[in-house]
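Structure first, commentary second.
Derivation of every value follows stated rules applied to the coordinates shown; laboratory data play no part. Note that this is a predicted model, so its numbers are computed, not measured. Neighbour counts run over all protein chains shown; Cβ positions are idealised from the backbone, glycine included.
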Amino acid sequence: MHPLNISLWENELAEIRSIKLPCEIDKIKAACALTDEVFTEILPKIHVGMKEYELSALITYLCLNKGASNMAFDSIITSGNRTAYPHGRPTGKVMQSGEFVMIDFGVTLDDYQSDMTRTIVLGSATSEMKKIYETVLAAQLTGIASINIDKTGQEVDAAARRVIEQAGYGEYFSHGLGHGIGRGGDFPILNPRSNMILTNNMVMSCEPGIYVPNLGGVRIEDDVALLDSVETPLNKSTKNLLVIEG
Ligand SMILES: [Mn+2]
C-alpha cells in the first residue's frame, strides 16, 4: 500500500449534509421568505424600457439591504429571446412589450441559501407563450407532488419531464429538475441519472423549464422541504402567469 493513502469523503459528507437539522431548515425558510419579499417589491418596478442590468441591480440592492450577506449565485435576469438561455446573465438589453422576463435569484442569509425562479410577461402573451407557461407550471406542480420519501432523484425528474414531453416540448427541457438547497452545492440531485433516495428533512429545488430558441423560455422554481413525509414548498410567490402592463 502507498504510504500516503488519502481518501476523500466529499460525497459521504455531502450525503450527510443533505439531511438538514430543524435549525437549518428554519434558516432556509428565512432565506426563502426574504426572496419572496424582494420579488413582491420588484414586480411594480418592472417596465418596458428597463434594462436587464437595472432589474438585476435592484434585486441585489434589495436583498442586501434586507440583511442578506450575499446573493447565493449570480442572478439570472433575461428577457425576450434571451430567456431561451437557461442560465443567461443579465445584459444591457432593454425589456420590451410581449416578452418573457426570467428572474432567477437567491440569497445567502445566516449562511443558508434560497433559490427561486419566476417568469413573467410584459404587455401581453401569445397563445404559444401561455401554452409554454402552463406546461412548465403543470410540470413543476407534478414534480413537487412527486417529492416523497424513498423516491429517487430520477423518479421525481421523470414525473415532471413526462408532462413536458407529453406537451411536445421534451427536447426543450435541457437540464435536470433540481438540486439540494442549503449552503451551496447540496444534495440531493434530481435528474435523469440520479439514484439518490429522498428522505425526510432534505430540501431541494424543483425547477423545470422549456427553452425554445428564437422564442423564449420559461422556468418556475421553488425550494421544497420534505418534512414528515410531506413535500412542502418554502416559497410563497405566486406561480400564476403574471402579465405586467407597459
Ligand atoms: Mn436552482
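Quick notes
- Dipole of the range 12-244 [Lys/Arg +1, Asp/Glu -1 at C-beta], most positive-end residue of 243, 147, 208: 243
- Calculated from backbone phi, Karplus (6.51, -1.76, 1.60) coupling profile of the range 12-21 in Hz, x at Gly/Pro: 4, 5, 5, 5, 5, 5, 6, 9, 8, 7
- Cβ-defined net charge surrounding residue 50, 12 Å radius [Lys, Arg +1; Asp, Glu -1]: 0
- From phi via Karplus (6.51, -1.76, 1.60), per-residue ³J(HN,Hα) for the range 96-111 in Hz, x at Gly/Pro: 10, 4, x, 9, 6, 10, 9, 10, 10, 8, x, 10, 9, 10, 6, 6
- Degrees separating the helix 127-146 axis from the principal Cα axis of the chain, which is the longest one: 20 degrees
- Between the range 41-96 and the range 121-146, the alpha-carbon center distance in angstrom: 20 Å
- Put simply, the amide H of residue 75, placed in the peptide plane, has no neighbours under 5 Å, leaving out anything fewer than 5 places away on its chain.
- Partners of residue 131 within straight-line reach, counting lysines whose Cα lies under 21 Å from its Cα and excluding those fewer than 8 residues away in the same chain: 239.
- When you restrict to C-alpha pairs under 8 Å that are six or more residues apart and normalise by the size of the chain, the relative contact order lands at 23 percent.
- Given charges at beta-carbon only (K, R positive; D, E negative), |dipole| of the chain in Debye: 500 debye
- D (Stokes-Einstein, µm²/s), Kirkwood Cα radius, the chain, 0.890 mPa s at 25 °C: 134 µm²/s
- Of 168, 176, 80, the one that fluctuates the most in a GNM where the chain has Cα springs shorter than 10 Å: 168
- Part-to-part distance (alpha-carbon centres) for the range 12-30 and the range 188-222, which is given in Å: 19 Å
- With eigenvalues of the C-alpha gyration tensor scaled by 5 and rooted, the range 62-173, Å: 25, 23, 11
- GNM result for the chain, Cα springs below 10 Å: residue of 79, 229, 18 fluctuating most strongly: 229
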